[in-house]
Amino acid sequence: MKMNAYALSDEEIRIIHNDSLQILEEVGVRIPVEKALELLEAGGAKIDWEKKNVSIPREMVAKALDITPKEFTLGARNPEFDFAMPSSYTAFTLDGAGANVIDYRTGKRREAVLQDVADAARVFEEVELGKVLWSPVVPYDVPGGPCGILNTATSFMNSSKHVQDEVKTLDEVQYVIEIAKAILGSEEEVIKRKIYSATYCTVAPLCHDEEMLEATMELTKYKAPVLILPMPACGSTGPASLYSNIAVANAEALSAITVFQLMTPGTPLIFGAALGIINMRNGIFLEGAMETALQLSAMGQMGKYYGMPTIIAGCLTDAKELGMQADIEKVMTCLPLVLGGVDAVNGAGLIESSMTMSFEQMLIDGEIGLMCNRMSAGIEVSDEKNFFMDIKEVGPGGHFLKRKNTRTAVRSSEFFTPELANRSTYSEWLKLGSPSMFSEAHKKVEKILSGELKNPLSPSTEKVIKEIMEEAKAKLR
Amino acid sequence: MADLYDEMRNSVLEGDEELAIELAEKVLTEKGNAMMAMNEGFLNGIQEAGRLFEDGEYFLPDLIFAADALKSALRVLDSELKKNEGESVKSKKIVLATVQGDIHDIGKTIVGTMMTANGYEVHDLGADVKNEEIIRAVKEIKPEIVGLSALLTTTMEEQKNIITMLEEEGIRNTVKVIVGGAPVNQNWADKIKADGYSDNAISAVKLADELTA
């Protein structure tokens, strides 16, 4: 069977679901967007117009969940990279909004620039499990207004995979659609192929951001998938038990689902989560904590309970540098999600509580992901894998190296061979120059970034996208 | 009296807001010395809380409880304390805000708490505060320091804009500007000519102390 790990029992999932409904009914959420409030009121919700607080009855939530698509495909510019959800394996996405990079040339941490967004896309293109590209840093060398559009355009120009980002203002939506249209040719194709999706963060506890909600609601008109990311922090922006913090995060997610389904019935949504705990000494959000991993794992289950595609934050660390703490925390926050069968994990490539990107780490995380997926695939106990005849024919003593089954198995998914981890003998390893996982990853980063750009846009499309970038620079403040 | 001062100190240290109010009211009804109650009682509590925090024994919630107990006692004794102005130790004032377009206020609130715990008079304007409002507060409150928080890379530019506005209003040299928030760093602070940057609440207090020394 597949190897599974779950944080919640079926009964506990139902309890939390009901807790979230109770929160939505009795406490409500703050939604500072008139259009959303009107839709909610028409749907039967009770509105406090002055406070912009909404009590959402459970029937409305049920109705929204009912019409939320259970499956769809995140299209990629290169259809080879299309990502259908639900997925039989757990893919990786980059996580957005870091501020720094560890420069692969100097090994030093510095502020991120737009070229890093381009380079990140190129490295991500070669991450086997990488399916969804969210530009992982916000560059310092471009102004804030057009920054989101420049990031999105740069991602599309340097990677042929599905691109995901935030739409922070209403103005940005048209630019994003124009970029997608430039690539796909028509609005109809944009709606059909879904090569762009947006992340949408609710604001804990139980609030929505005015501009981002307005913009994301507008984006659903194009049926662009929206990844809903609640992120209450246990004890600061959320209650101080993992259980109740999950209930708040889930309530936030349900409120977003309800709003988006009222806006555009049947619009594709992805159930996400980036909740966690904080360091109670300095207030810093802790991503690499086991309590964070537990909550994320539970939220993955909630998403599956609702039958929705799931992309959950994972493979995270609070380490300030690459190395032992980073890798331990990343494995511990990745494995449970993969064993829980979420469709994708977002967090690859970032360290320092997702503030700093490292290309080498991105490749190492890609390998962590493959290891976790192999673990999740489990042990196949089947007639096909029952090699009793081999056992009988070899008998006591002897060996299995000269069995046809063995020869076939070494090239099958029965055995996973890592690319970066070293499995040589000691002398072989010395001869190779004593490589570490990091040095192997570094070599690969250099090779990717010194090589040709893979899967480039056609020159004419690139020209149009560059024009859109120029317009964004001139018009978005 | 010593026992009563100890009780006051402990009410803040334990973060017992009701008790702090009760003890402060007692000072008024019994015509006690409000200034002594503050200096010998309540303020000792907040200082001790700050010390325990530095020692790693107190956590953020403990500090927030303590700071709120102190603020409540202050509110009760406010008018009485003002009568004796002149002989009072004037506390330094700080205006805090999360900049416009940014609704994240936890970090700034923690800084406010630490500042209160260290004897600053904190004027917390909240989150998503319009630039004009911050300028107005600087003019009206005349703080020694204004602290600007931004969690988003897209909103940190407002820190720069506010400094420009302070310059345009001709009041830039009346106040020290300190900046913070996840994407902010020393480099950015230098670039926008802020007076200081800190990446956590404890060093923010040290920074404020240095800037106002």
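Please list the non-local residues whose amide H lies under 5 Å from the amide H of B:VAL179, H modeled 1.01 Å from N, same-chain partners needing a gap of 5 or more.
Excluding prolines and chain starts, which carry no amide H, the hits are B:LEU148, B:GLY196, B:TYR197, B:SER198.
5 Å is the cut-off here: which amide hydrogens, built 1.01 Å from N in the peptide plane, fall below it relative to B:HIS123, excluding neighbours closer than 5 in sequence?
B:ILE94, B:VAL95, B:LEU96
Taking only Cα atoms, what is the 0 to 90° angle, nearest 10, from helix A:10-26's long axis to the longest principal axis of chain A?
20
Counting pairs of alpha carbon atoms under 8 Å apart in space and at least six apart in sequence, what relative contact order in percent does the stretch B:2-83 give? If you can, show how the numbers build up before the last one.
Working: 109 pairs, mean separation 36.1, N = 82.
Averaging sequence separation for qualifying contacts and normalising by length gives 44 percent for the stretch B:2-83.
Normalise the Cα radius of gyration of the protein assembly as shown by 2.2 N^0.38 Å (N = residues in it) and let me know the number.
Numbers: Rg = 28.0 Å, N = 690, 2.2 N^0.38 = 26.4 Å.
The reported ratio for this selection is 1.06.
Can you bin the stretch A:427-477 into rounded, prolate or oblate? Criterion: square roots of the alpha carbon gyration tensor eigenvalues sorted a ≥ b ≥ c, rounded for a/c under 1.5, prolate for a/b above b/c, oblate for the rest.
Details: a/c = 7.84, a/b = 2.96, b/c = 2.65.
Prolate shape, in that a/c is at least 1.5 and a/b is the bigger ratio.
Let me know the charge dipole size of the stretch A:38-121 about its Cα centre in debye, to the nearest 20, where only the beta-carbon of Lys, Arg (+1) and Asp, Glu (-1) is charged.
Details: 11 positive and 14 negative charges, 55 e Å.
In debye, rounded to 20, the stretch A:38-121 gives about 260.
Taking θ = phi - 60°, what integer Hz values does the Karplus form 6.51 cos²θ - 1.76 cosθ + 1.60 yield along the stretch B:3-12, in sequence order, with x for Gly and Pro?
Per-residue couplings from phi come out as 4, 5, 4, 4, 4, 4, 4, 5, 4, 6 Hz.
At 222 nm, what value in deg cm²/dmol follows for chain B if DSSP H runs of at least 4 each add -39500 (n - 2.57) and the sum is divided by all its residues, to the nearest 500? Each step should come with its number before you reach the end.
Values: 9 runs with 114 residues, N = 213.
Helix contribution divided over all residues of chain B: -17000 deg cm²/dmol.
If each residue of separation counts as 0.36 nm, what is the full-extension length gain between A:SER9 and A:LYS447 once their alpha-carbon separation is subtracted?
Numbers: separation 438, 0.36 × 438 = 157.68 nm, distance 4.62 nm.
Result for the pair: 153.1 nm of gain on full extension.
When Cβ neighbours within 10 Å are restricted to other protein chains, what is their mean count per residue of peptide A:280-287?
Details: counts 6, 9, 9, 9, 4, 3, 0, 0.
Mean number of neighbouring Cβ atoms from other chains: 5.
Can you tell me the relative contact order of chain A? Whole percent, Cα pairs under 8 Å, sequence separation 6 or more.
Values: 980 pairs, mean separation 93.2, N = 477.
Reported as a whole number, the value is 20 percent.
Would you mind computing Rg(Cα) / (2.2 N^0.38 Å) for chain B, counting N as its residues? If you can, show how the numbers build up before the last one.
Numbers: Rg = 17.9 Å, N = 213, 2.2 N^0.38 = 16.9 Å.
In units of the 2.2 N^0.38 Å rule of thumb, it is 1.06.
Under a Cβ-Cβ cut-off of 12 Å, what is the net charge of the residues other than A:ASN346 that fall near it, where Lys and Arg count +1 and Asp and Glu count -1? Walk me through the numbers on the way to the answer.
Working: positive: A:LYS131; negative: A:ASP95, A:GLU287, A:ASP343, A:ASP365.
Overall, the nearby charge balance is -3.
Using just the helices of chain A, give the 222 nm mean residue ellipticity in deg cm²/dmol: DSSP H runs with n ≥ 4 each add -39,500 (n - 2.57), and the total is spread over all residues, rounded to 500.
Values: 17 runs with 217 residues, N = 477.
Result for chain A: -14500 deg cm²/dmol, rounded to the nearest 500.
Let me make sure I get this right: for the stretch A:65-377, a, b and c are the square roots of the gyration tensor eigenvalues over alpha carbons, sorted descending. Under 1.5 in a/c it's rounded, otherwise prolate if a/b > b/c, else oblate. Which is it? Walk me through the numbers on the way to the answer.
On the way: a/c = 1.34, a/b = 1.08, b/c = 1.23.
Rounded.
Hand me the trypsin sites (Lys or Arg not before Pro) from the stretch A:282-333 located in a DSSP loop with no more than 13 other Cβ atoms within 10 Å, in residue order please.
none
Which value in nm describes the separation of the simple spin-label points at B:GLU167 and A:ASP390, placed 7 Å from the Cα toward the beta carbon?
Taking the simple label geometry, B:GLU167 and A:ASP390 are separated by 7.4 nm.
Using alpha carbons only, how many degrees (0 to 90, rounded to 10) separate the axis of helix B:60-83 from the longest principal axis of chain B?
Orientation of helix B:60-83: about 70 degrees from the principal axis.
Under a point spin-label approximation (7 Å from Cα along Cα-to-Cβ), what is the A:GLU189-B:GLU25 distance to one decimal in nm?
7.4
Taking other Cβ within 10 Å of each residue's Cβ, how do B:HIS104, A:HIS208 sort, fewest first? Present the calculation step by step, with values, prior to reporting the outcome.
Numbers: B:HIS104 20, A:HIS208 24.
By the 10 Å Cβ count, ascending: B:HIS104, A:HIS208.
Can you spot the lysines whose alpha carbon is less than 28 Å from A:LYS330's alpha carbon? Ignore those fewer than 8 places along the same chain.
Result set, ordered by chain and number: A:LYS2, A:LYS108, A:LYS131, A:LYS161, A:LYS304, A:LYS320, A:LYS443, A:LYS444, A:LYS447.
Unpartnered cysteines of the protein assembly as shown (Cβ-Cβ under 4.7 Å counts as a partner)?
A:CYS147, A:CYS201, A:CYS207, A:CYS234, A:CYS372
Each residue of the stretch A:438-447 in order: what ³J(HN,Hα) in whole Hz does its phi give by Karplus 6.51 cos²θ - 1.76 cosθ + 1.60, θ = phi - 60°, with x for Gly and Pro?
Karplus values, whole Hz, x for Gly and Pro: 5, 5, 5, 5, 4, 4, 5, 4, 4, 5.
Ranked from highest to lowest mean number of other Cβ atoms within 10 Å per residue, what is the order of the peptides B:57-70, A:269-282?
Per-residue Cβ counts within 10 Å, averaged per peptide and sorted highest first, yield A:269-282, B:57-70.
Above 19 angstrom, tally the Cα pairs of the stretch B:93-212 and express them as a % of all pairs, no decimals.
On the way: 2537 of 7140 pairs.
Looking at the stretch B:93-212, the distances longer than 19 Å represent 36 percent of pairs.
Show the residues, 5+ positions off or on another chain, whose built amide H is closer than 5 Å to the amide H of A:ASP82.
Those qualifying (amide H under 5 Å, at least 5 residues apart or on another chain) are A:ALA76.
Please identify every one of the chymotrypsin sites (Phe, Trp or Tyr not before Pro) in the stretch A:37-112 that sits in a loop by DSSP and has no more than 15 other beta carbons within 10 Å of its own beta carbon. Mind dumping the intermediate values first?
On the way: sites: A:TRP49, A:PHE72, A:PHE81, A:PHE83, A:TYR89, A:PHE92, A:TYR104; in loops: A:TRP49, A:TYR89, A:TYR104.
The qualifying sites are A:TRP49.
For peptide B:149-156, how many partner chain Cβ atoms fall within 10 Å of a residue's Cβ, on average? Kindly include the intermediate steps, with their values, before the conclusion.
Values: counts 0, 0, 1, 5, 11, 10, 1, 4.
Mean shielding count: 4.
To the nearest whole number, what is the average tally of beta carbon atoms from other chains within 10 Å of the beta carbons of peptide A:378-385?
Mean inter-chain Cβ contacts per residue within 10 Å come to 0.
What is the count of Lys pairs in the stretch A:379-442 whose alpha carbons sit under 23 Å apart, if the two are 8 or more places apart or on different chains?
Here the count comes out as 4.
Considering only DSSP beta bridges whose two residues both sit in the protein assembly as shown, what percent are antiparallel, to the nearest 5? Could the numbers behind the result be given before it?
Values: 16 of 65 bridges.
Beta bridges within the protein assembly as shown, antiparallel portion: roughly 25 percent.
Name the trypsin sites (Lys or Arg not before Pro) in the stretch B:171-209 that are in a loop by DSSP and that have at most 13 other C-beta atoms within 10 Å, would you?
B:LYS193
Mind listing the phi-derived Karplus ³J(HN,Hα) values for the stretch A:386-402, rounded to whole Hz, using 6.51, -1.76 and 1.60 with θ = phi - 60°, and x for any glycine or proline?
Going residue by residue, I get 7, 9, 4, 4, 4, 4, 5, 6, 6, x, x, x, x, 8, 10, 5, 9 Hz, with x marking Gly and Pro.
Given contacts defined as C-alpha pairs under 8 Å and at least six residues apart, what's the relative contact order of the stretch A:291-395, whole-number percent? Spell out each step's value before the answer.
Working: 139 pairs, mean separation 25.2, N = 105.
Relative contact order for the stretch A:291-395 comes out at 24 percent.
Taking other Cβ within 10 Å of each residue's Cβ, how do B:VAL175, A:VAL338, A:VAL132 sort, fewest first? Walk me through the numbers on the way to the answer.
Values: B:VAL175 20, A:VAL338 29, A:VAL132 26.
Neighbour counts put them in this order, fewest first: B:VAL175, A:VAL132, A:VAL338.
Near A:LYS46, which aspartates and glutamates are there with a Cα under 14 Å away, not counting those fewer than 8 places off in the same chain?
A:GLU25, A:GLU26, A:GLU34, A:GLU38, A:GLU59
Which of the peptides A:54-61, A:390-397 is most tightly packed, and how do the rest follow, judged by the mean count of other Cβ atoms within 10 Å per residue?
Working: A:54-61: 19.2, A:390-397: 9.5.
Listed from highest to lowest mean packing, they are A:54-61, A:390-397.
Taken together, the values in this text are just the output of simple stated rules run on the coordinates, not laboratory data. In this text, all values refer to a predicted model and were calculated from it rather than measured experimentally. Note that each Cβ is placed from the backbone with ideal geometry, even for glycine, and that neighbours are counted across all protein chains shown.
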